[in-house]
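The values are calculated or read from the model by the stated rules, or taken from the named source; none is laboratory data. Predicted, not measured: the structure shown is a model, and the values here were computed from it. Positions of Cβ are backbone-derived with ideal geometry, glycine not excepted, and every protein chain shown enters the neighbour counts. The protein model used for the area step is the full one, side chains on, heavy atoms only, and it has no ligands, DNA or RNA in it. Shrake-Rupley method; radii C 1.70, N 1.55, O 1.52, S 1.80 Å.
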Amino acid sequence: MTKANKTPKHRLKQPIGNEVSDKLVHEFITAVSYLLMPDDFKGTALYKFLIRFVRQWHIANVDLDEVIVEGIKRGIEYIQRHSEPIKKPESWLRQVCLNILRAKVDATIKDERKVDQLTTLTQHSHSLLAESELIEQLEFLEKALNELSEEDQVLIRMKFLQRKTYEQIRQHYKYIAEGEGKTAPSVQALRKRESRALQRLKKHFFDLYEGGVSSAP
């Protein structure tokens, strides 16, 4: 009695679908592999085509060999996924490589927008911080000014808040002095008085400000 021939499992052939895909992949690679040759006419044409868009789109630091290899890789994946041939490998590869370059442009634009947004936010936060600090300093300055004598306060307010000249300030004191039968201070005397008042104001300010900052939570 003749035994039926049985093929061992380990000798079974691959599914037909895989065989078809492998064959189509091989055909695709054969059709586009020459494009990587440095002296091939169509390969040179592909490079020039891509270079034109690289320059037109201002793409920096791009390796066209890597772009073409990535395009071939996508072609292989497409064939394996759909089990169907790429009918015009050269045209298909050209379009895919162009899409890869376009994606690089989009990525660059997104990165630039992120940098711009981050810069804007940073500048805004710095501006808010500076504004907040300035308001706080002005509050302490007002307190320090109130620590001065009334005479020093009047002098500093006329000079720095009302923006009066020394001569205008002297005229103010002259009017008062005439009413009291006194002599008005000279401009030189006003300068010295202002300098001493500012020294006292500075001391009061830093005493108050540093004390307030150190006691802040």
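Quick look at the numbers
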item: Test result for E131, modelled with pLDDT of 70 or more, more than 30 Å from L64 (Cβ to Cβ) and open to solvent by 80 Å² or more (accessible area, probe 1.4 Å); result: no
item: First in the stretch 164-184 and of a type in the set (D, E, K, R), second anywhere and buried (at least 16 other Cβ atoms within 10 Å of the Cβ) and in a loop (DSSP other than H, G, I, E, B), Cβ under 8 Å, 6 or more apart; result: R170/A184; R170/P185; K174/A184; E178/A184
item: Of all residues making up the stretch 30-49, the number that are open to solvent by 80 Å² or more (accessible area, probe 1.4 Å) and in a loop (DSSP other than H, G, I, E, B); result: 3
item: Pick from the stretch 50-83, criterion outside any helix (DSSP H, G or I) and open to solvent by 80 Å² or more (accessible area, probe 1.4 Å), ranking: farthest from V105 (Cα to Cα); result: N61
item: Candidate set: the stretch 173-217, residues that are surrounded by 12 or more Cβ atoms within 10 Å (Cβ to Cβ) and small (G, A, S); chosen: the one modelled with the lowest pLDDT; result: G212
item: Residue count, the stretch 140-159 (criterion: open to solvent by 80 Å² or more (accessible area, probe 1.4 Å) and more than 18 Å from D207 (Cα to Cα)); result: 2
item: Unmet requirement for D106, which otherwise passes all of (1) at pLDDT 85 or above; (2) part of a helix (DSSP H, G or I); (3) open to solvent by less than 100 Å² (accessible area, probe 1.4 Å); result: (1)
item: Tally, over the stretch 23-63, of residues that are within 14 Å of A103 (Cα to Cα) and among the aliphatic types (A, V, I, L, M); result: 5
